[in-house]
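Data first, discussion second: the structure below is written as structure tokens.
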Amino acid sequence: MARRTSEKLSSSAADKLIDRLLRFRIEVPSWGYAQTGTRFGKFLQDAAAIDIEDKLADAGSTHKYTGITPTVAVHVSWDFPNGFDPAVVRLAARHGVKIGAINPNLFQDQCYKHGSVTNRDGAIRKKALDHILDSVEIGRQAKSGYLSLWFADGANYPGQADIRQRKEFATEALKVVHKAMPSDMVMLIEYKPFEPATYFTDFFDWGASYVFCKAAGHRAKVLVDLGHHLPGCNIEQIVAWLLDEKMLGGFHFNDHKYADDDLMVGAIDPYQTFRIFSEIAGYEFDEGKDVDIAWMIDQSHNIEAKVQAMIRTTVGIQELMAKALCVDRKALAAAQAAEDTIACERMIRDAFFTDVTPVLHAVRGKLGVPADPLEAFRQSGYEQAAAKARRRKRKELETSGGSNYA
Ligand SMILES: [Mn+2]
């Protein structure tokens, strides 16, 4: 197939594409910079972030080289362990970033063995609810627009738990949380069909999230994590439906081969992610405006150098969005109307194979960042300096890398 280049786009199409990309922003996760691993163990990296100060420095570095990651999602228990701390907000500002989505942590404490907001024990349900309400308060004070909820709740065996009762418990909690949120905060409800529970999870798919959102209130929206689907799932169709229902709250981007692998975006199946962006680009074209959702990364890197992996994912997302914007929507609509199946499919795949490098270089020039952010970062010496400083810091702390993700 002939490789198209975005230079062949009409100048008005190229200008529109550049304008859209100049408005395109992605949120990075604080936990993606920390020492993380799998359930089998961790491979420690000298340059991995030890504390929130390091994480914000790394996020600032990602933003410095990409120009499009101005916010950082935080995990309350790891990043605000003692409640809201204005020093963290000031520290973020010093590194050129802001606090983004607030993620309560409802899966680490021993009491959550049989669930958090779905637990049979009312005292545990209350503890989980109180933690979410504390997270809302942190979000209010940090001026975050998003409360991002993922529940590890579920069961391992048939008969172990009352599915309908758990659904009711979760609904009750979500209603209370929704009422407590400031009027400009959006509740994101994530889903996942497996892990850590093996028989069922309470928030198992987009339909479950949708039902919970509808019950919680009008500011609750569905969060789509690309690693949280069963094999063969048509994620772009889910996205199209959620867009049509005005129920898409945002994304957790990552790539995977088998399960929730947290691989860099585009590493395994870039065409899958492109097809999702193509649905969004089509929606934006029809609506005549940018979709208002949270574009977030959720990756905890295991063997990858952390900041490099985040930069590679960020520019990977940006590139796929650029390609999706190359689809000529009017020509596609005409081909669809004529039932020209071959032409329709070709337009989508041609857009995917379009070389958007000239457009990305133009965007980065306007943003004042290097044309090749990853290479510039690799040359900068940041990682080596961080490794040296953090080796020293670890020695002072006499720790080998902290707890699981913190
Ligand atoms: Mn996620």
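The residue pairs whose first member lies in segment 360-383 and is free of Cβ contacts under 8 Å to residues at least 60 places away in the same chain and within 24 Å of Leu325 (Cβ to Cβ), whose second member is charged (D, E, K, R) and buried (at least 18 other Cβ atoms within 10 Å of the Cβ), and whose beta carbons are closer than 7 Å, counting only pairs six or more residues apart or on different chains, are Ala371/Arg364.
Looking only at residues in segment 224-238 that are within 15 Å of the ligand (Cβ to nearest atom) and out of contact with any Phe, Trp or Tyr (no Cβ under 7 Å at 6 or more places or on another chain), the one that is farthest from Asp261 (Cα to Cα) is Ile235. Being within 16 Å of the ligand (Cβ to nearest atom) and charged (D, E, K, R) holds for only one residue in Glu195, Glu172, and it is Glu195. His229 falls short on exactly one of the conditions (1) touching a strand residue (DSSP E or B) at 6+ places or on another chain (Cβ under 9 Å); (2) surrounded by 15 or more Cβ atoms within 10 Å (Cβ to Cβ); (3) closer than 29 Å to Thr69 by Cα, and that condition is (1). Restricting Gly282, Gly227, Gly249, Gly232 to residues that are free of Cβ contacts under 8 Å to residues at least 40 places away in the same chain and either outside any loop (DSSP other than H, G, I, E, B) or more than 21 Å from Arg20 (Cβ to Cβ) (or both) narrows the list to Gly232. Residue by residue through segment 285-316, note down the ones that are within 16 Å of the ligand (Cβ to nearest atom), outside any loop (DSSP other than H, G, I, E, B) and either polar (S, T, N, Q) or under 11 Å from the mean Cα position of the chain (by Cα) (or both). Those that are within 16 Å of the ligand (Cβ to nearest atom), outside any loop (DSSP other than H, G, I, E, B) and either polar (S, T, N, Q) or under 11 Å from the mean Cα position of the chain (by Cα) (or both): Ala294, Trp295, Met296, Ile297, Thr313.
Suppose we filter Glu279, Glu190 for residues that are over 28 Å from Gln308 (Cα atoms), charged (D, E, K, R) and under 18 Å from the mean Cα position of the chain (by Cα); which single one remains? First the steps, then the outcome.
Values: Glu190 fails: over 28 Å from Gln308 (Cα atoms).
Every option except Glu279 fails the conditions.
Here no strands (runs of 3 or more DSSP E) wholly within segment 10-105 include at least 2 residues being within 23 Å of Glu396 (Cβ to Cβ) and modelled with pLDDT of 95 or more. Looking across Ile163, Ile124, one residue alone is surrounded by fewer than 17 Cβ atoms within 10 Å (Cβ to Cβ), among the hydrophobic types (A, V, I, L, M, F, W, C) and away from the ligand (no atom under 16 Å from the Cβ). It is Ile163. Filtered by the rule that a residue be small (Gly, Ala, Ser) and closer than 26 Å to Leu226 by Cβ, segment 174-203 gives a lone residue, Ala197. The single residue among Asp244, Asp184, Asp255, Asp205 that is surrounded by fewer than 20 Cβ atoms within 10 Å (Cβ to Cβ) and within 16 Å of the ligand (Cβ to nearest atom) turns out to be Asp205.
Ser135 fulfils the conditions (1) in contact with a Ser or Thr (Cβ under 8 Å, 6 or more places away or on another chain); (2) assigned to a helix (DSSP H, G or I); (3) surrounded by 23 or more Cβ atoms within 10 Å (Cβ to Cβ) except for a single criterion, (1). Of everything listed in (1) in contact with a Lys or Arg (Cβ under 7 Å, 6 or more places away or on another chain); (2) buried (at least 22 other Cβ atoms within 10 Å of the Cβ), the single unmet condition for Leu22 is (2).
The values are calculated or read from the model by the stated rules, or taken from the named source; none is laboratory data. Please read all numbers here as calculations on a predicted model, not as lab measurements. Note that each Cβ is placed from the backbone with ideal geometry, even for glycine, and that neighbours are counted across all protein chains shown.
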